[in-house]
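Asker: Below you will find the structure I want to go over with you.
The values are calculated or read from the model by the stated rules, or taken from the named source; none is laboratory data. Worth saying up front: this structure is predicted, and the values here are computed from it rather than measured. All Cβ positions, glycine included, derive from the backbone under ideal geometry; neighbour counts span all protein chains shown. Surface accessibility is based on the protein's heavy atoms, side chains included, excluding ligands, DNA and RNA. Shrake-Rupley method; radii C 1.70, N 1.55, O 1.52, S 1.80 Å.
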Amino acid sequence: MIATLLRIRGFLFFLSMGFLNAFVDLGHKIVIQNTVFKVYDGETQVILTAVVNALILLPFVLLFSPAGFLSDRFAKPRVMRAGAWAAVVLTALIAFCYHQGWFWVAFAMTFLLAIQAALYSPAKYGYIKELVGTDQLAAANGVVQAVTTVAILAGVFVFSILFEGYLQGVPQHDKGDILRQIAPVGYLLVIGSLIEVACAYCLPPTPASS
């Protein structure tokens, strides 16, 4: 079944996009959340962790209607390309924030990255049927969900290791210093977004909904 799906033109690029989108989004969250864990404790740590999670979830709740409209009004590959370019811009700004040690700006960028993902998601999931057809829809949905889960687990593993690796032997009391120390992680976010853009341009075109 998977072999059949992979023979469909564009399906492998589509899976790569889904993987990279989840991987990059989670990578930034891990950086911010781990910085909170290093600098704060007690009630402040709990509150800031809850705020980070809220910043990620709120756009999906607030923007489901306009996001759905966009995915119907415009061709879904076009929406995904726009979303992928938005991710490049946002990750470049995030990487710059890391270099400058601007923790609170990077913290706020979590919300903007979540908005990008929220506007991108309906087009991504709606495109599955257009790409594989009705007969393969259930199998394709299962594969996409599995790849997304793997991306989340991989993001937690990779970015946690990178975070701790760059901070090894470095004082960890100032959040700005922590971000400056792990700044190279920002390059990985940008590279992932650029590869996502390249994959988006390899998707077969489909028309917009009527």
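Asker: Please go through region 6-31 and give me each residue that is within 18 Å of L113 (Cα to Cα) and among the charged types (D, E, K, R), ordered by number.
Answerer: Answer for region 6-31, where residues must be within 18 Å of L113 (Cα to Cα) and among the charged types (D, E, K, R): D25, K29.
Asker: List the helices (runs of 4 or more DSSP H) inside region 1-85, counting only whole elements, that have at least 1 residues being within 19 Å of S160 (Cβ to Cβ) and not polar (S, T, N, Q).
Answerer: Values: elements: 2-6, 11-39, 42-62, 64-73.
Passing ranges, in order: 11-39, 42-62.
Asker: Kindly indicate whether L113 is among the hydrophobic types (A, V, I, L, M, F, W, C), under 20 Å from D25 (Cβ atoms) and open to solvent by 20 Å² or more (accessible area, probe 1.4 Å).
Answerer: For L113, the condition - among the hydrophobic types (A, V, I, L, M, F, W, C), under 20 Å from D25 (Cβ atoms) and open to solvent by 20 Å² or more (accessible area, probe 1.4 Å) - is not met.
Asker: Only one residue in L70, L6, L57 is in contact with a helix residue (DSSP H, G or I) (Cβ under 8 Å, 6 or more places away or on another chain) and either modelled with pLDDT of 90 or more or of a type in the set (G, A, S) (or both), so which one is that?
Answerer: Working: L70 fails: either modelled with pLDDT of 90 or more or of a type in the set (G, A, S) (or both); L6 fails: either modelled with pLDDT of 90 or more or of a type in the set (G, A, S) (or both).
Answer to the selection: L57.
Asker: Where residues in region 124-162 are farther than 30 Å from F64 by Cα and without any contact (Cβ under 8 Å) to a residue 60 or more places away in the chain, which of them is surrounded by the most Cβ atoms within 10 Å (Cβ to Cβ)?
Answerer: L162
Asker: Can you pull out every residue in region 163-210 that is hydroxyl-bearing (S, T, Y) and in contact (Cβ under 8 Å) with a residue 24 or more places away in the chain?
Answerer: First, the residues of region 163-210 that are hydroxyl-bearing (S, T, Y): 166, 187, 193, 201, 206, 209-210.
Matches in region 163-210: Y187, S193, Y201, T206, S209.
Asker: I've got another one for you. So the check is Cβ under 7 Å with 6+ separation or different chains; which pairs have a first residue in region 97-112 that's on the phi > 0 side of the Ramachandran plot and a second one that's open to solvent by 70 Å² or more (accessible area, probe 1.4 Å)?
Answerer: G101/D177; G101/R180
Asker: Suppose the filter is more than 22 Å from T110 (Cα to Cα) and of a type in the set (S, T, N, Q); does Q136 pass it?
Answerer: When the stated conditions are applied, Q136 passes them.
Asker: Mind checking whether some residue in region 27-46 is open to solvent by 60 Å² or more (accessible area, probe 1.4 Å), closer than 26 Å to L153 by Cβ, in contact (Cβ under 8 Å) with a residue 60 or more places away in the chain and not aliphatic (A, V, I, L, M)? First the steps, then the outcome.
Answerer: Residues of region 27-46 that are open to solvent by 60 Å² or more (accessible area, probe 1.4 Å), as a first pass: 37-38, 41, 43-44, 46.
After this cut, where a residue has to be closer than 26 Å to L153 by Cβ as well, the list is 37-38, 46.
Those left that are additionally in contact (Cβ under 8 Å) with a residue 60 or more places away in the chain: 38.
Now restrict to residues that are not aliphatic (A, V, I, L, M): 38.
Taking every residue of region 27-46 in turn, at least one turns out to be open to solvent by 60 Å² or more (accessible area, probe 1.4 Å), closer than 26 Å to L153 by Cβ, in contact (Cβ under 8 Å) with a residue 60 or more places away in the chain and not aliphatic (A, V, I, L, M).
Asker: For residues that are open to solvent by less than 50 Å² (accessible area, probe 1.4 Å) and in a helix (DSSP H, G or I), scanning just region 163-174, find the one that is farthest from G101 (Cα to Cα).
Answerer: Residue satisfying both the conditions and the ranking: G165.
Asker: Moving on to the next point. Is there a residue in region 80-94 that is under 14 Å from the mean Cα position of the chain (by Cα), exposed (fewer than 15 other Cβ atoms within 10 Å of the Cβ) and without any contact (Cβ under 8 Å) to a residue 40 or more places away in the chain?
Answerer: yes
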